[in-house]
């Protein structure tokens, strides 16, 4: 029931994918979120890159802490108007240089939690930033999001 | 018994170098390919290049080996040879089409990596270079674990100058320390661009927090060198040619060669010290 509640208020879910690393997925996710916010939309970003979470730094909230409420984790609200919500594993690390050296099963468990246990509230768009590849994170994220309003994927590349 | 199998297979490998990052797209595969070419320029040396990036294997294309298949013989899988003294193995050779996605979870990836180490008949190898995917996950844990059957000289960590990369690279450095993997040093790629026409230098990826140099100072790690951006590098990679051979006069080539030299010296010195101890 909690699962339905947490994503039930999200109108559209968008995945940002590549396959290749370093092409600008996180940058695009961030800019897309900011552009949608400028257009008056309520936006959330879910950063499921467990090994290399870049979004907190890009939004200058890398020193934020996350709290829990009754329905789950409270996302970090970004900006003066607090109109952009962000959840990333970056917030759960004790030290920013700490490596998340986890095998697949542990990553899968956390991703499931991230997808279902963040109290997003009402959002027009939830943008999900992913790591490079086609592995555990991607399979788990798509599986966990399948019951919800998955709009589709934006694929990022560079010319070569 | 498995460890014994791996140890037997890898017994004839003199030096092993892992190429890591933490960040994607910084030039690990490019660097691995050029390190292999650079070391194999000495024809008396036998070089092996193992690509364990299972989701995004770039090495076949970069080495001009797209479309090649792996052959089996009585002694195991045969690497694909670019030169007589340079053999390559990658999941790319096992796919029926280069666009086939390998959508595997960790355990299956680990299985293939183990097979690469156990079943490939590398023969006598002076240098085994292992190209890895970005991150600190299954592939990285597994390769370190499986290669403990032999010995790893160390890791070369690749980055680009900006903080968003360094952030992930610091984690990789910590990973190496956690698993007691010696760090040969760090390579800063895409470090500046010199216009071939006006010779003006631009920082395409500005080192807003001091770049790899500052990070290496802070973490007490060696900076092996900085390589400038050269559009020829990407072109050579796309065409499967060695950039070092195609652009011998490029400042990037000079940087790469110096870095390769330093890695060689590190490995030879290390080996010499080990032999002294024995």
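The values are calculated or read from the model by the stated rules, or taken from the named source; none is laboratory data. Treat the numbers as computed from the prediction; the structure is a model and nothing was measured. A quick note on method: Cβ atoms are made from the backbone with ideal geometry, for glycine too, and the neighbour counts reach across all protein chains shown.
In table form, for the structure just shown:
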read-out: All helices (runs of 4 or more DSSP H) inside segment B:174-278 with 2 or more residues being closer than 20 Å to residue A:158 by Cβ and within 14 Å of chain A (Cβ to nearest Cβ); value: B:231-239
read-out: Residues satisfying the stated conditions in segment B:1-26, i.e. farther than 22 Å from residue B:138 by Cβ and under 18 Å from the mean Cα position of the chain (by Cα); value: B:13, B:14, B:15
read-out: Test: residue in segment B:19-42 that is touching a strand residue (DSSP E or B) at 6+ places or on another chain (Cβ under 8 Å) and surrounded by fewer than 19 Cβ atoms within 10 Å (Cβ to Cβ); value: no
read-out: Lone unmet requirement of (1) away from every other protein chain (no Cβ under 12 Å); (2) under 20 Å from the mean Cα position of the chain (by Cα) for residue B:109; value: (1)
read-out: Single condition residue A:54 does not satisfy, out of (1) in contact with a strand residue (DSSP E or B) (Cβ under 7 Å, 6 or more places away or on another chain); (2) surrounded by 20 or more Cβ atoms within 10 Å (Cβ to Cβ); value: (1)
read-out: Single residue of segment A:134-159 satisfying the filter (assigned to a loop (DSSP other than H, G, I, E, B) and touching a strand residue (DSSP E or B) at 6+ places or on another chain (Cβ under 9 Å)) that is modelled with the highest pLDDT; value: A:156
read-out: Identity of the residue in segment B:144-173, in a loop (DSSP other than H, G, I, E, B) and more than 14 Å from chain A (Cβ to nearest Cβ), that ends up surrounded by the most Cβ atoms within 10 Å (Cβ to Cβ); value: B:153
read-out: Residue count for segment B:114-143, restricted to those that are under 15 Å from the mean Cα position of the chain (by Cα) and part of a helix (DSSP H, G or I); value: 3
read-out: Matching helices (runs of 4 or more DSSP H) fully within segment A:1-79 where at least 2 residues are modelled with pLDDT of 95 or more; value: A:25-38
